[in-house]
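One structure below.
The values are calculated or read from the model by the stated rules, or taken from the named source; none is laboratory data. A quick note: this is a predicted structure, and the numbers were derived from the prediction, not measured. Because the Cβ atoms are built from the backbone with ideal geometry, glycine has one as well, and the counts that use them run over all protein chains shown. For accessibility, only protein heavy atoms count, side chains too; no ligands or nucleic acids. Shrake-Rupley method; radii C 1.70, N 1.55, O 1.52, S 1.80 Å.
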Amino acid sequence: MNYYVLTLFPEMIMQALKTSIIGRALEKESISLEAIDIREYTKNKHKKVDDTPYGGGAGMVMQVQPVYDAYKTLEEKIGYRPRVIYLTPQGSVFSQKMAEEFAAEKDLIFLCGHYEGIDERVLEEIVTDYVSIGDYVLTGGELPAMVVIDAISRLVPGVLKNEESAQFESFHDNLLEYPQYSRPEEWMGKKVPSVLLSGHHAKIENWRREQSLRRTYERRPDLLKSANLTEKDRKFLDNLRNNTCK
Ligand code: 6GU
């Protein structure tokens, strides 16, 4: 996977993503990352990249010329027109399903806006996907781009150490993950659930499934609608519902 980020703050992207698991993936070359400074493409002699909006109103708008030229240079280098993801609160809300879809691409371009946004005409020309990370407003697209890159990268082969660890966790099957425990066996009077010390693998698996169901029911009941539930799961949940209502 090759990521390209078109931004006015390339350092913000490179600094943050060179650490931890994504940093290790970059070193191993499971993924690559290039942050391109849109300002370097402006033909304005004062290096300006924005101007006031036609029709009036607050703030500044990023102009078409530097954004388009930065994009075109990149497109020529890549050799085809890859998906271009524009980070905006007006986009579709990012999900694990979208992460899976994007992870199948060879190249992805992220376009980060600032100020009041980017001139609509260049967006129409280059953007293929409008993506938001949730219903709140941020100052720019850089943090959302990093969130999306992180979520996609952990699905790319070779990025996670144990290839299976991306499979059995929150949002797999639309269920939340079960709780985890490690040494010591007792802390501040709290004991690790005894079933986990039993060595009985079938019982442990059953307990973990029930914990996932309970947790999803309590914290994210909206997810249960799209969860893949067995008859046994449904009975467990019915039981939970009956006991909570009484
Ligand atoms: Cl993608 N951009 C900005 N500026 N704010 C956001 C967002 C994106 N997603 C949620 N809020």
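Tabulated data
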{"read-out": "Index of the failed condition, residue 128 passing every other in (1) touching a Lys or Arg at 6+ places or on another chain (Cβ under 7 Å); (2) among the β-branched types (Val, Ile, Thr); (3) not assigned by TED's automatic domain parsing to the domain that holds residue 55", "value": "(3)"}
{"read-out": "Counted residues, the stretch 91-128 - those being under 23 Å from residue 80 (Cα atoms) and open to solvent by 30 Å² or more (accessible area, probe 1.4 Å)", "value": "11"}
{"read-out": "Test: residue 145 is away from the ligand (no atom under 15 Å from the Cβ) and hydrophobic (A, V, I, L, M, F, W, C)", "value": "no"}
{"read-out": "Scan of the stretch 47-65 for residues that are of a type in the set (Gly, Ala, Ser) and open to solvent by less than 70 Å² (accessible area, probe 1.4 Å), ordered by number", "value": "56, 57, 59"}
{"read-out": "Count of residues meeting criterion [in a helix (DSSP H, G or I), basic (Lys, Arg) and farther than 22 Å from residue 97 by Cα] in the stretch 210-246", "value": "5"}
{"read-out": "Conditions (1) assigned to a strand (DSSP E or B); (2) within 16 Å of the ligand (Cβ to nearest atom); (3) buried (at least 16 other Cβ atoms within 10 Å of the Cβ): number failed by residue 36", "value": "(2)"}
{"read-out": "Any hit, the stretch 164-173, residues being of a type in the set (A, V, I, L, M), open to solvent by less than 70 Å² (accessible area, probe 1.4 Å) and either in the same structural domain as residue 12 (by TED's automatic domain parsing) or out of contact with any helix residue (DSSP H, G or I) (no Cβ under 9 Å at 6 or more places or on another chain) (or both)", "value": "no"}
{"read-out": "Lone unmet requirement of (1) open to solvent by 70 Å² or more (accessible area, probe 1.4 Å); (2) assigned to a loop (DSSP other than H, G, I, E, B) for residue 44", "value": "(1)"}
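A quick yes/no check of all residues on (1) in contact (Cβ under 8 Å) with a residue 12 or more places away in the chain; (2) within 29 Å of residue 227 (Cβ to Cβ); (3) outside the structural domain of residue 8 (by TED's automatic domain parsing):
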| position | (1), (2), (3) |
| --- | --- |
| 74 | yes, no, no |
| 78 | yes, no, no |
| 89 | yes, yes, no |
| 105 | yes, yes, no |
| 112 | yes, no, no |
| 143 | no, no, no |
